[in-house]
Each structure stands twice: as structure tokens, then as C-alpha cells.
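The structure appears right after this line, and notes come after that.
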Amino acid sequence: MTQPAHKSHGAGVDITLREPRTEDGAAVAELIRQSPPLDVNSTYAYLLLCHHFASTCVVAERDGKVVGFISGYLPPSATDTFFVWQVAVHADARGCGLGLSMLRHLLLRPVSRHVRFLETTVSPSNGPSRGMFARLAKDLETDLTEQDLFDKSMFGSGSDHEDEKLLRIGPFH
Ligand SMILES: CC(C)(COP(=O)(O)OP(=O)(O)OC[C@H]1O[C@@H](n2cnc3c(N)ncnc32)[C@H](O)[C@@H]1OP(=O)(O)O)[C@@H](O)C(=O)NCCC(=O)NCCS
């Protein structure tokens, strides 16, 4: 079931948060391309996310343009956990609480009613991402733990990808 959109106030202008539609896939891919250090996946991957995983993904729209996106899913083995894959906020809309608003929006969706933990991975050098998740844990008055997950060697010898550490926030209600 499609969830209703709601308004957020980022960058001083009304921003609508809503489930993505398949038609958003190309715009989402473009936003990710403009949001280093995120890994750029294929446009096809974003079409699939918008099509099959709309209930656990969110698009932020301002004046008809996609200015924010989070991809996430409920891991099949842990249905009390929401896994956040990528978070992107357009450079023009950063620093106004949009990233946090999108995270809270996802946790308030009906699909998250049994969720008590949020997990994500971050690279050691991504200060803005770490700051955003630390702030979320503080706002939820719960713990944030960190452990190893994907070592840089797992990305292959030709890659300069950093480690991806697992952040786990919770429990919360
Ligand atoms: C990380 C990102 C999504 C944050 O989006 P945002 O909308 O600017 O974040 P918010 O305004 O909601 O900030 C929430 C909190 O995050 C922290 N934060 C945000 N930007 C920060 C920065 N540049 N440096 C340090 N902390 C930062 C702050 O604690 C902030 O809360 P506060 O200002 O009230 O203390 C955005 O910078 C982005 O798209 N970066 C490029 C892609 C990326 O790295 N994505 C995250 C990896 S999944």
C-alpha cells in the first residue's frame, strides 16, 4: 500500500517526502552521482529499488525535483531491523535537517512497526554521515554501537574502497 507523503521544511522551502515511484529511478541515480563519496550503482539498480522496495525507500521532492533519497530494506533474517543502504541529500539542501527527517519518516512508516534497531554501514572518513547517525541515536535516546563488517580487502584488489563499518542504533520503539 502506498504511504501518504508528508511535508518537511528543508532549505526554507517546502519539501515533500514520499515513497519513490519507478519513474524516479533515473533522477535518483543522478542524485547519487552528484553525492560523493557514495558508490554509484547502475540506473537499473535504482529502478529496482524504486519499484520493488518503495515501502522502505524515500524520495524528497522540491519543486518537482528529487533533492533527497534513502534506500533501505528489512533484512530477511532480522525483521526487527531497518537497514539503511544509501542516504543522499542534494548539496543545495544540506545542513537543514533533511537527512534526519528522511530517516525519521522511514521509521514512522507502517512497514517499520516492528523495527527496534537501525543498521547502516559507514566509511571511517565520512564525518557528515557519522554525525547524522550519531544525532539520530541521541534523538532516539538510545545506543549506537560500531563493529567491523566489510573490510576494504573485500572490495577486491583493484579497488580503493574504504572499510565499511557497521553502525547499529537501538533498541528504540
Ligand atoms: C550525509 C548527508 C546525507 C547529511 O544530510 P543533511 O540533510 O545535510 O543532514 P542533516 O541536516 O539532517 O544533519 C543531521 C545531523 O548530521 C550531522 N551532520 C550533517 N552534516 C554534517 C557535516 N558536514 N559534518 C558533521 N556533521 C554533520 C549533524 O550532527 C547534524 O545535526 P545538527 O546539525 O543538528 O547537529 C549529506 O551530507 C550527503 O548527502 N552527503 C553525501 C552522501 C553521503 O555521504 N551519504 C551518507 C552515507 S550513507
Notebook entry, point to check: For the pair H114 and D80, how long in nm is the line joining their label points, each one 7 Å along Cα→Cβ?
Noted result: 1.1
Next item on the list: Report the semi-axes of the equivalent ellipsoid for the stretch 26-152 in whole Å, largest first, where each axis is √(5λ) for an eigenvalue λ of the Cα gyration tensor.
Entry: 21, 17, 16
Notebook entry, point to check: For the chain, what relative contact order do you get, as a whole percent, if you take Cα pairs closer than 8 Å and at least 6 residues apart?
Noted result: 17
Checklist line | Environment charge at R130 (Cβ cut-off 10 Å; Lys +1, Arg +1, Asp -1, Glu -1) | finding: +1
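Please sort by residue number the trypsin sites (Lys or Arg not before Pro) in the stretch 45-124 whose DSSP state is loop and whose Cβ has at most 12 other Cβ atoms within 10 Å. It would help to have the intermediate numbers written out before the result.
Working: sites: R62, K65, R94, R104, R113, R116; in loops: R94, R113, R116.
Answer by residue number: R113.
Grab the Cα-Cα distance for D139 and S125, subtract it from 0.36 nm times how many residues apart they are, and report the gain in nm with one decimal.
Details: separation 14, 0.36 × 14 = 5.04 nm, distance 2.28 nm.
Length difference between fully extended and current span is 2.8 nm.
In which sequence would D163, D148 go, from the one with the fewest C-beta neighbours within 10 Å to the one with the most?
Values: D163 17, D148 9.
Fewest-to-most Cβ neighbours within 10 Å comes out as D148, D163.
None of the figures in this text is laboratory data; all of them are computed from the coordinates on show. A quick note: this is a predicted structure, and the numbers were derived from the prediction, not measured. Cβ coordinates were reconstructed from backbone atoms using ideal geometry, including for glycine residues, and neighbour counts include every protein chain displayed.
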